[in-house]
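Peer 1: I have a structure I would like to understand better, so I am pasting it below and will then ask my questions one at a time.
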Amino acid sequence: MKLTGAEIFVECLKREGVKTIFGLPGGVVLKIFDVLHQQKDVEVILTRHEAGAGHMAEGYAKATGKPGVALVTSGPGMTNVVTPLVDAYMDSVPIVVFTGQVPTHLIGNDAFQEADNVGISRPCTKYNFLVKDVNDLGQIIKEAFYIAMTGRPGPVLVDIPKDVAMNKGEFHYPDRVSIRGYNPTYEGNKWQIKQAVEAIHKARKPIIYVGGGAIFSNAHEELLEFAELTQIPVDMTLMALGAFPGSHPLSLGMMGMHGSYASNMAVHFSDLVIAIGARFDDRVTGKVSEFCPEAKVIHIDIDPTSIRKNVHVDIPIVGDVKTVLRELKAMLKATPNGNAVEQRKPWWNQINEWKAKHPLTYEQPPDALIKPQYVIDRIYQFTKDKDPIVSTDVGQHQMWAAQHFVLNKPRRWLTSGGLGTMGFGMPAALGAQAAFRDKLVLCIAGDGSFQMNMQEMATAVVNKLPVKVFILNNHFHGMVRQWQDLFYEGRYASSYLDTVPDFVKLAEAFNAVGLRATKVGEVDGVIKEALKVDKPVIVDLEVDPYENCYPMIPAGGSNHEMIIEDPPEMKRGEKPASKVAGEDKDAVLTA
Amino acid sequence: MEHIISVLVENKFGVLSRVANLFSGRGYNIETLSVAPTLDPSMSMMTIVTRGDDKIIEQIVKQLNKVIDVIKVVDLNESEFVERETALIKIHTRQEDRAEALRIADIFRGKVVDSTPTTYTIEVTGDVRKVEACINLLQPLGLKDLVRTGRVAIAREPVRQAAAQPKRILKEEK
Ligand SMILES: Cc1ncc(C[n+]2csc(CCOP(=O)(O)OP(=O)(O)O)c2C)c(N)n1
C-alpha cells in the first residue's frame, strides 16, 4: 500500500496507540498537520510555544507511563524544543519529538529555517534519526518508540524533511524491532542478588534510597513489599516521590539538598545503602567523598553507566528495578533471618530521635504574612482525598511542595529534577490533564518560573484543560534570593521580580479565572474556590518574600551538615525598590 | 594510564559524531582515533587511544556500550594485543644528508615513497615507540611535514583457541 510520508506518520501514531500529541505547525510540517486535521483518532493540541509542547509531552509521559509525542517545525521550532529534550534526557522521560526539516536536496544549504536538528539534538537525546527516504519512515518511527520506552527511557527525535512527508512510499510497520547495538538488561545477575541478600541480612543500619527509576519501572508494589518485608527505612529522591507512600511509617520522606533531617542523617550514618533506580546525583550525595562513609552500597539500576559513576558500589545489579526486586524478595524469603528486624531496633530508635529532633515544620502566626509552607499544607489538606496530580516549577516552592505535599502513589508528581527547568510546571500539568481529563491536576508555581511559559494559559483555556495553578508569589527568584542571603551577604543581584504582572488580571486576559489571597485568613477560601471552578485557574498567593527553605545542605557540603534555620550570621538584604512607574502598591514587600 | 579501546559500530551517518560527542561532553580525552569499515561493510571498527584511571576507563567503556550504534566494545588492555601506526614523514634533505636519511629509514624498515632533489617522503610503520624514534632521528635533518594514522590494534589470539572454529562477534554480554 502506497501512502504519503504524512499519512504514514499518522498511521504509525495510531498503531502505537498515541491518542494525543502536542505541537505547533510551520512550512515544512504543514502536510503532516493537514493529514492530522482530517482524522479523529489522534488529537492535536496546539501549544503557544514549542517548549510548551515538549514539556506537555513530558507531563503526559510521566503521568501515564506512555510515550509523550510532540510535533514541531524545522529551525526555530526545533531549537525551541531543545530545553524539553535535555530535561527529558536528564530525567529519563520517554518522549518522541518529531521535527520538520527542509527538503532533502536543500539540507546543508543554509536553507530558510534550516537547522542541523540531528546535530543539535545528538547530545540530548537517547537516539535520533534523520529520515532520508519515505520508505524507511515506518521502520524508523517504530524504532523511535521502542528506544524511547525500553531500557532506561529517554527522549528520541525524528527529523522528517518536507519531501519525505510529501512523497509516497511503501508503508511498512514492523510488529517488533531488534537493534543489534541495543539490548537492555532486564534480569539482574543472580550471584549479585545473592550477595545483596547476604548484605541485607547482615546490615544493622540499612537504608533504602529510591530514585525515579522505581517509578519508570512501575515497581511501587515490589518496593512496598520489599521494604515491609525487611522493615528498612525508605529515603526518596525528588524524582521518586510517590514511588513509596509518603505517609507510610517506613518513609523518611525526601532526601538530598532540601531533604528531611532524618532522611539525610539516616543515609549518612547507615551501614548499608540499597540504591534502587537512582543515580547518585550531587543534589543527593552532597560532598561525594563524605557520602555514607561507613556504608556498603548495593545499586540496582537498568543503566550500567549509572553504576560507579559517582560513588563506589560494592554490589552492582544491572537490571530492571521491578524484575530485580521480585527476585530479591523471593531470595530473601527463602533465606529467613528472623533476627534482622529485631537487631535493627536501635537503628530505628536513632531514626525516631532524628525525626523528633527536626521534623519538617513551619509556623504560621495568624496575622503574619502568608507562609509558603502553609499554602502547600492547605492545598494538600483540601485535595488529598481527590488523588491529584501535582506539577511544580523550579525553586523554593518546588522544594516546599516536595516536603509538605505528601504523595502516596506513583505518577502523581511531575517535576523537573536533573535539569531544574523553570517553566516546566504549567505545561507539564497540561500534558497530564490532556491525558486524564477528569482528574484534578494542580500546578505549584513560582512567580518567576510561571512567567517562563505563561503563554500556555491560552492552550489551557482553548483546550479546556482545567488545571489549577497556585503561584507562590514572593516577587523574587526566591531560591536565588535565598542563596544571596546565605552566601552573598544579602545583595539581591537580579533576583527581584518587581510587582508585575498582576496574575489575576493576566488570568482574566486569558479568559481563565484569577484569584488572590494576601492574608492568611483568605487562603482556604481561594483554594476552595479554585477547586470549584471547571476552568483553568490562576491563584496568586502573596507569600512572605523572605522565607527560606530548610533543611538545606549547602552545595558541596556533607549530608549530616544541614542548615536547619536562618543562621545568626546571615545578612538579610535591603528591600529592593519597585521600578514600575508611579506604583508602590507592593504592600507585601514593605510589610 | 593509556588504554586502547576497539569499538565496533554501525557504519552509518553520524556515528563518529556520537562517539566524539560522548568523549567531549564528558571530558574524556581522545589521543588518537582511527576508523574504517570492517569485513562486513555494514560495520566499522574504531580504535580509540585514551587515558584515564580505572574508574574513568570503566565509565568510558560503559558509556560507549550505551551508544545505540555501538555494537561491541573491547578494552584491549585487558589482554595481549598488537598495535601499529603508520607515519608519512617528509624531510628536507641537503645533498650531504640524503644518504643519512636513507640509512635512518632503513634502520626502521621505512620506505621512501616520494622523492625530489630536495626532499624525501618516508613511510614508517610500527608500534608507537618505533614510529616516534624514527621521527626523532629524522627531525634534525629538517622535518617539512608529518602525518600519522593514529594507532590501530587487535587482540592477540590465545594459542589454544586459535585452532578452534572462528567465532562470530556478538555484542558484549552485560
Ligand atoms: C530556566 C532556568 N533559568 C534559571 C534557573 C536558575 N534558578 C533556579 S531557581 C530560580 C528562581 C525561581 O524563582 P521562582 O520561580 O519565583 O520560584 P521561588 O524560588 O521564588 O519559589 C532560578 C532563577 C533555572 N533553574 N531555570
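The values are calculated or read from the model by the stated rules, or taken from the named source; none is laboratory data. Predicted, not measured: the structure shown is a model, and the values here were computed from it. For neighbour counting, all protein chains shown are included, and Cβ atoms are generated from backbone atoms with ideal geometry for every residue, glycine included.
Peer 1: List the helices (runs of 4 or more DSSP H) that sit entirely inside the stretch B:93-163 and contain at least 3 residues that are in contact (Cβ under 8 Å) with a residue 24 or more places away in the chain.
Peer 2: B:98-107, B:128-142
One line per residue, one yes/no per condition, for (1) within 14 Å of chain B (Cβ to nearest Cβ); (2) within 30 Å of residue A:32 (Cα to Cα):
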site: A:157; (1), (2): yes, yes
site: A:163; (1), (2): no, yes
site: A:174; (1), (2): no, yes
site: A:189; (1), (2): yes, no
site: A:215; (1), (2): no, no
site: A:224; (1), (2): no, no
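Peer 1: Of all residues being among the small types (Gly, Ala, Ser) and on the phi < 0 side of the Ramachandran plot in the stretch A:538-580, which is surrounded by the fewest Cβ atoms within 10 Å (Cβ to Cβ)? Just the residue, please.
Peer 2: A:577
Peer 1: Oh, and also: Only one residue in A:113, A:101 is closer than 15 Å to residue A:50 by Cβ and surrounded by 22 or more Cβ atoms within 10 Å (Cβ to Cβ). Which one?
Peer 2: Residue meeting the stated conditions: A:101.
Peer 1: Okay, moving on. State whether the residues of the stretch A:390-405 include one that is in contact with an Asp or Glu (Cβ under 9 Å, 6 or more places away or on another chain), assigned to a loop (DSSP other than H, G, I, E, B), more than 21 Å from residue A:374 (Cβ to Cβ) and more than 13 Å from the ligand (Cβ to nearest atom).
Peer 2: Looking through the stretch A:390-405, none of the residues is in contact with an Asp or Glu (Cβ under 9 Å, 6 or more places away or on another chain), assigned to a loop (DSSP other than H, G, I, E, B), more than 21 Å from residue A:374 (Cβ to Cβ) and more than 13 Å from the ligand (Cβ to nearest atom).
Peer 1: Please state which of the following conditions residue A:267 fails to meet, knowing it meets all the rest: (1) closer than 15 Å to residue A:207 by Cα; (2) within 14 Å of another protein chain (Cβ to nearest Cβ); (3) not polar (S, T, N, Q).
Peer 2: Evaluating residue A:267 over (1) closer than 15 Å to residue A:207 by Cα; (2) within 14 Å of another protein chain (Cβ to nearest Cβ); (3) not polar (S, T, N, Q) leaves (2) as the failure.
Peer 1: Please state which of the following conditions residue A:164 fails to meet, knowing it meets all the rest: (1) more than 29 Å from the chain's Cα centre (by Cα); (2) without any contact (Cβ under 8 Å) to a residue 40 or more places away in the chain; (3) crowded, with 18+ Cβ neighbours inside 10 Å.
Peer 2: The single condition residue A:164 does not satisfy is (2).
Peer 1: Take the stretch A:409-439 and flag every residue that is within 16 Å of the ligand (Cβ to nearest atom) and at positive phi.
Peer 2: A:420, A:423
Peer 1: What's the total number of residues in the stretch A:440-452 that are within 16 Å of the ligand (Cβ to nearest atom) and either within 14 Å of chain B (Cβ to nearest Cβ) or within 15 Å of the chain's Cα centre (by Cα) (or both)?
Peer 2: Of the residues in the stretch A:440-452, 5 are within 16 Å of the ligand (Cβ to nearest atom) and either within 14 Å of chain B (Cβ to nearest Cβ) or within 15 Å of the chain's Cα centre (by Cα) (or both).
Peer 1: Quick one: would you say residue B:108 is buried (at least 19 other Cβ atoms within 10 Å of the Cβ), away from chain A (no Cβ under 14 Å) and not β-branched (Val, Ile, Thr)?
Peer 2: It is true that residue B:108 is buried (at least 19 other Cβ atoms within 10 Å of the Cβ), away from chain A (no Cβ under 14 Å) and not β-branched (Val, Ile, Thr).
Peer 1: Residue A:398 - would you say it is in the same structural domain as residue A:465 (by TED's automatic domain parsing) and within 21 Å of residue A:481 (Cα to Cα)?
Peer 2: The answer is yes for residue A:398.
Peer 1: Of all helices (runs of 4 or more DSSP H) completely enclosed by the stretch A:173-277, which ones contain at least 2 residues that are of a type in the set (Gly, Ala, Ser), in contact with a Lys or Arg (Cβ under 9 Å, 6 or more places away or on another chain) and surrounded by 22 or more Cβ atoms within 10 Å (Cβ to Cβ)?
Peer 2: Answer list for the stretch A:173-277: A:213-216, A:261-269.
Peer 1: Evaluate the following for residue B:72: is it within 14 Å of chain A (Cβ to nearest Cβ) and not hydrophobic (A, V, I, L, M, F, W, C)?
Peer 2: yes
Peer 1: Then there is this: Got a sec? Which helices (runs of 4 or more DSSP H) wholly within the stretch A:80-153 have at least 3 residues that are away from the ligand (no atom under 16 Å from the Cβ)?
Peer 2: Of the helices (runs of 4 or more DSSP H) lying wholly inside the stretch A:80-153, those with at least 3 residues that are away from the ligand (no atom under 16 Å from the Cβ) span A:117-121, A:137-149.
Peer 1: Something else: Sort out which residues of the stretch A:1-43 are under 28 Å from residue A:429 (Cβ atoms), of a type outside the set (A, V, I, L, M) and in a loop (DSSP other than H, G, I, E, B), and write them in order of number.
Peer 2: Within the stretch A:1-43, A:16, A:17, A:19, A:25, A:26, A:39, A:40, A:41 qualify.
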